[in-house]
């Protein structure tokens, strides 16, 4: 159950980031103090904000079941991987092999950190 909570937390966190990115792209307008009414119709912004809240709650639930030095690296690196893939697939952002290599190093490090946790 603890790993499922962490997995859903990763997906929720990454989805929130993707939605916030989407909320800032034309023709949508990013909410600002200069134009507060822009926030009212920006559903992606509000959904992303809500998902960040849900991700925080899932992170707290994961921390209740896993050590901090395990839960945090898994959540962070998992979100990095999902956001990286989403940015390429959904937003057609550039891909460079050095980024993929860096992500591979991060994932390898997290696997080593969590190898002794059941």
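Rule-based calculations on the coordinates, nothing more; no lab input. All values reported here derive from a predicted model rather than from experimental measurement.
The table that follows gives values for the structure above.
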item: Cα-Cα separations in segment 70-118 greater than 16 Å, expressed as whole percent; result: 43 percent
item: Extension reserve of the residue 99-residue 111 stretch, reckoned as 0.36 nm per residue once the Cα distance is removed; result: 2.5 nm
item: Full-extension gain in nm, residue 35 to residue 56, via 0.36 nm per residue minus C-alpha separation; result: 4.8 nm
item: Mean ellipticity per residue at 222 nm, deg cm²/dmol - from DSSP H runs of n ≥ 4 across the chain, formula -39500 (n - 2.57); result: -24500 deg cm²/dmol
item: Segment 1-45-segment 60-92 distance, computed between alpha-carbon centres (Å); result: 16 Å
item: Å³ per residue enclosed by the Cα convex hull of the chain; result: 116 Å³
